Amino acid sequence: MKRATNSESKIAMVQAGFTLIELLVSISIIAVLMSLILPAIGSAREAARRTQCLNNVKNLSLALVNATETQKRFPAAAYWGGPDKNNPGPHHNWVVEILGHVDRQDLADRWNHDQLATWPANQKLAEIHLEVLACPSDVTTNGNGDLSYAVN
């Protein structure tokens with residue numbers, strides 16, 4: 001049996017590795033696969049945001065129905081009034097009426113119904129971000145008392 005020389009073993013080691021072309025082809029195949037997967041991931045995320053938005057609408061609808069049952073009327077879209085009857089202002093909206101029905105009774109109890117919505121204590125409460133009131137797909141939300149939904 002013939003023994004391999006040192007130069008022959010070096011050639012055998014070089015032939016066992018990847019060439020630069022093979023490496024570039026592999027990287028390009030991976031890049032193409034990634035470019036195909038990324039839009040699918042974005043679509044899945046948007047579908048999840050849409051589902052969350054629909055769940056929010058369902059929860060708000062149930063809260064409105066429950067508030068209607070307890071108050072024997074639907075909440076108005078907005079209430080105007082305030083301590084100065086000659087100069088009324090925004091008092092509160094339908095959200096304050098259903099806070100107890102979306103598991104935020106603590107906020108409903110702290111709202112001062114005798115003051116305007118711009119009164120400092122009420123203003124701080126109005127700026128609290130509630131996930132159920134903001135659609136995840138709504139790009140106008142900023143985390144500061146957002147409201148993506150309206151009632152009529």
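The values are calculated or read from the model by the stated rules, or taken from the named source; none is laboratory data. None of the values given here were measured: they were computed from a predicted structure. No Cβ is skipped: glycine too gets one built from the backbone with ideal geometry, and neighbour counts run over all protein chains shown. Surface areas here come from the heavy atoms of the whole protein model, side chains and all, with no ligands, DNA or RNA. Shrake-Rupley method; radii C 1.70, N 1.55, O 1.52, S 1.80 Å.
Given the condition modelled with pLDDT under 90, basic (Lys, Arg) and part of a helix (DSSP H, G or I), answer yes or no: does some residue in the stretch 32-55 qualify?
So far as the stretch 32-55 goes, no, none of its residues is modelled with pLDDT under 90, basic (Lys, Arg) and part of a helix (DSSP H, G or I).
Would you please list the contacts, defined by Cβ atoms under 6 Å and residues six or more apart or on different chains, that run from a residue in the stretch 47-73 that is closer than 10 Å to CYS135 by Cβ to a residue that is open to solvent by less than 80 Å² (accessible area, probe 1.4 Å) and in a helix (DSSP H, G or I)?
ASN56/VAL132
Specify the residue that is most open to solvent (accessible area, probe 1.4 Å); the eligible residues are those in the stretch 98-152 that are closer than 25 Å to GLY81 by Cα, part of a helix (DSSP H, G or I) and among the acidic types (Asp, Glu).
Result: ASP109.
Among the residues in the stretch 92-99, are any aromatic (Phe, Trp, Tyr) and touching a Cys at 6+ places or on another chain (Cβ under 9 Å)?
Scanning the stretch 92-99, I find no residue that is aromatic (Phe, Trp, Tyr) and touching a Cys at 6+ places or on another chain (Cβ under 9 Å), so the answer is no.
So, in the stretch 79-97, how many residues would count as being part of a loop (DSSP other than H, G, I, E, B) and open to solvent by less than 30 Å² (accessible area, probe 1.4 Å)?
From the stretch 79-97, those part of a loop (DSSP other than H, G, I, E, B) are 82-88; that's our starting set.
Narrowing the set further to residues that are open to solvent by less than 30 Å² (accessible area, probe 1.4 Å) leaves 82.
Going through the stretch 79-97 one residue at a time, the tally reaches 1.
In the stretch 113-130, which residues are in contact with a helix residue (DSSP H, G or I) (Cβ under 8 Å, 6 or more places away or on another chain) and at pLDDT 90 or above?
ALA121, LEU125, ILE128, LEU130
Could you grab the pairs with beta carbons closer than 8 Å, sequence gap of 6+ or different chains, first residue in the stretch 89-105 and closer than 15 Å to ALA150 by Cβ and touching a residue at least 60 places away in the same chain (Cβ under 8 Å), second one assigned to a helix (DSSP H, G or I) and open to solvent by less than 20 Å² (accessible area, probe 1.4 Å)?
Matching pairs, first to second residue: none at all.
Count, please, the residues in the stretch 31-64 that happen to be touching a Phe, Trp or Tyr at 6+ places or on another chain (Cβ under 8 Å) and open to solvent by 90 Å² or more (accessible area, probe 1.4 Å).
Of all residues in the stretch 31-64, those touching a Phe, Trp or Tyr at 6+ places or on another chain (Cβ under 8 Å) come to 56-57, 60, 64.
Imposing the further condition that a residue be open to solvent by 90 Å² or more (accessible area, probe 1.4 Å) reduces the set to none.
Residues meeting the conditions: 0.
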